[in-house]
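For reference, the structure is listed below as structure tokens.
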């Protein structure tokens, strides 16, 4: 199965929720990084980690597929 096929295959409901949580975490990290006020360096570092972690969580969750739905189509 190619990555493209995995992207268009149905994602289980649990992993859709996990993907949305990951996107929220990445958004919060992005907001911290781009804050218009001066923040301590530790907060900027945490914002960067949140952005990366949220992106990874979202990507892995999006590539998870429902095998039952894929097997039924074949």
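Where a number appears in this text, it was derived from the coordinates with a stated rule and is not lab data. Predicted, not measured: the structure shown is a model, and the values here were computed from it. Neighbour counts are summed over all protein chains in view; Cβ atoms, including those assigned to glycine, are modelled from backbone coordinates with ideal geometry.
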### Task
Could you run through the stretch 7-23 and say how many residues are touching a helix residue (DSSP H, G or I) at 6+ places or on another chain (Cβ under 6 Å), under 15 Å from residue 68 (Cβ atoms) and assigned to a helix (DSSP H, G or I)?
1
### Summary
Residues in the stretch 27-41 that are exposed (fewer than 10 other Cβ atoms within 10 Å of the Cβ) and farther than 20 Å from residue 53 by Cα total 4
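Scanning for something assigned to a helix (DSSP H, G or I), under 23 Å from residue 2 (Cα atoms) and out of contact with any helix residue (DSSP H, G or I) (no Cβ under 9 Å at 6 or more places or on another chain), does the stretch 36-58 turn up at least one residue? Before the answer, list the steps.
From the stretch 36-58, those assigned to a helix (DSSP H, G or I) are 41-58; that's our starting set.
Going one step further and asking which of them are under 23 Å from residue 2 (Cα atoms), we end up with 55-58.
This time we only want the ones that are out of contact with any helix residue (DSSP H, G or I) (no Cβ under 9 Å at 6 or more places or on another chain), so: none.
No, the stretch 36-58 contains no residue that is assigned to a helix (DSSP H, G or I), under 23 Å from residue 2 (Cα atoms) and out of contact with any helix residue (DSSP H, G or I) (no Cβ under 9 Å at 6 or more places or on another chain).
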